[in-house]
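See structure below.
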Amino acid sequence: MRWWDIDPVLALEKDLFPDDAWSRGMFWSELAHARGVGSSRRYVVAYEGERLVGYGGLAASGDLADVQTIAAARDHWGTGLGARLLTELLRHATAFEVAEVMLEVRVDNTRAQKLYERFGFEPIGFRRGYYQPGNVDALVMRLTTTNTVSEEKKHG
């Protein structure tokens, strides 16, 4: 994701998450950590022609990464776009050499939960009232990676 992607990302964000959409400032802040030495974020976008149809973001710190956001346009649900975005984020998690990838997903978003389960994420807990202002709980999920470099760092 680059700065010029922010406007179309915001449009999709507001369509998909009207009650708890990220702000322009939140995306700018994330992108500020996505470039250069010591970068800790990776954001990806998907276009169909000139139209942005999906995006996702990952933050890494030490042995842990967190899927910050992932979204696909409604007319691309069920097309595999979410899986392709998640695959790309997990590729970046491998590059960051993390041992675990975490994420939060709305408890009422069973479609996304099923996607994450297909990738090996397991539920580990809840965050009560995580999504505001709707006061919707989040299901916390974790994927333990098989990155041998991370294993070597732990035992080396």
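With the requirement that a residue be at pLDDT below 95 and of a type in the set (Ser, Thr, Tyr), what does the stretch 80-109 give you?
Thr94, the sole residue that qualifies.
I'm trying to understand the selection: among the residues of the stretch 27-50, which are open to solvent by 40 Å² or more (accessible area, probe 1.4 Å) and under 19 Å from Ala72 (Cβ atoms)?
Arg42, Val45, Tyr47, Glu48, Gly49, Glu50
Please go through the stretch 6-31 and give me each residue that is under 16 Å from Gly56 (Cβ atoms) and of a type in the set (Phe, Trp, Tyr), ordered by number.
Phe17, Trp22, Phe27 - these are the residues of the stretch 6-31 that are under 16 Å from Gly56 (Cβ atoms) and of a type in the set (Phe, Trp, Tyr).
Just to check your reading of the model, which residue among Ala93, Ala34, Ala59 is within 26 Å of Asp137 (Cα to Cα), in contact with a Lys or Arg (Cβ under 7 Å, 6 or more places away or on another chain) and touching a residue at least 12 places away in the same chain (Cβ under 8 Å)?
Values: Ala93 fails: in contact with a Lys or Arg (Cβ under 7 Å, 6 or more places away or on another chain); Ala34 fails: within 26 Å of Asp137 (Cα to Cα).
Being within 26 Å of Asp137 (Cα to Cα), in contact with a Lys or Arg (Cβ under 7 Å, 6 or more places away or on another chain) and touching a residue at least 12 places away in the same chain (Cβ under 8 Å) holds for just one of Ala93, Ala34, Ala59, which is Ala59.
Filter the stretch 51-78 down to residues that are loosely packed, with under 15 Cβ neighbours inside 10 Å and of a type outside the set (D, E, K, R), then give me how many there are.
Counting residues in the stretch 51-78 that are loosely packed, with under 15 Cβ neighbours inside 10 Å and of a type outside the set (D, E, K, R) gives 4.
Considering every residue within the stretch 79-87, establish whether at least one is open to solvent by 20 Å² or more (accessible area, probe 1.4 Å), under 24 Å from Pro18 (Cα atoms) and of a type in the set (Val, Ile, Thr).
yes
Of everything in the stretch 22-35 that's aromatic (Phe, Trp, Tyr) and in a helix (DSSP H, G or I), which residue is nearest to the chain's Cα centre (by Cα)?
If we take residues in the stretch 22-35 being aromatic (Phe, Trp, Tyr) and in a helix (DSSP H, G or I), then Phe27 is nearest to the chain's Cα centre (by Cα).
For the structure I just gave you, tell me whether Asp19 is part of a helix (DSSP H, G or I), of a type outside the set (S, T, N, Q), over 16 Å from the mean Cα position of the chain (by Cα) and under 21 Å from Gln132 (Cα atoms).
No; evaluated as a whole, the condition is false for this residue.
For the stretch 1-16, what are the residues that are assigned to a loop (DSSP other than H, G, I, E, B) and surrounded by 11 or more Cβ atoms within 10 Å (Cβ to Cβ)? Steps first, please.
Initial filter on the stretch 1-16 (assigned to a loop (DSSP other than H, G, I, E, B)): 1-2.
If the condition is that a residue be assigned to a loop (DSSP other than H, G, I, E, B) and surrounded by 11 or more Cβ atoms within 10 Å (Cβ to Cβ), then Met1 is the only one that fits.
What do you reckon, is Glu122 at pLDDT 95 or above, open to solvent by 30 Å² or more (accessible area, probe 1.4 Å), charged (D, E, K, R) and within 20 Å of Met26 (Cα to Cα)?
no
Looking at (1) part of a helix (DSSP H, G or I); (2) modelled with pLDDT under 95; (3) small (Gly, Ala, Ser), can you tell me which one Gly38 breaks?
Among (1) part of a helix (DSSP H, G or I); (2) modelled with pLDDT under 95; (3) small (Gly, Ala, Ser), the lone unmet condition for Gly38 is (1).
The values are calculated or read from the model by the stated rules, or taken from the named source; none is laboratory data. Computed from a prediction, not measured in an experiment: that's the story for all the values here. Every residue, glycine among them, receives a Cβ derived from its backbone with ideal geometry; neighbour counts consider all protein chains shown. Please note that ligands, DNA and RNA were not included when accessible areas were found on the heavy atoms of the full protein model with its side chains. Shrake-Rupley method; radii C 1.70, N 1.55, O 1.52, S 1.80 Å.
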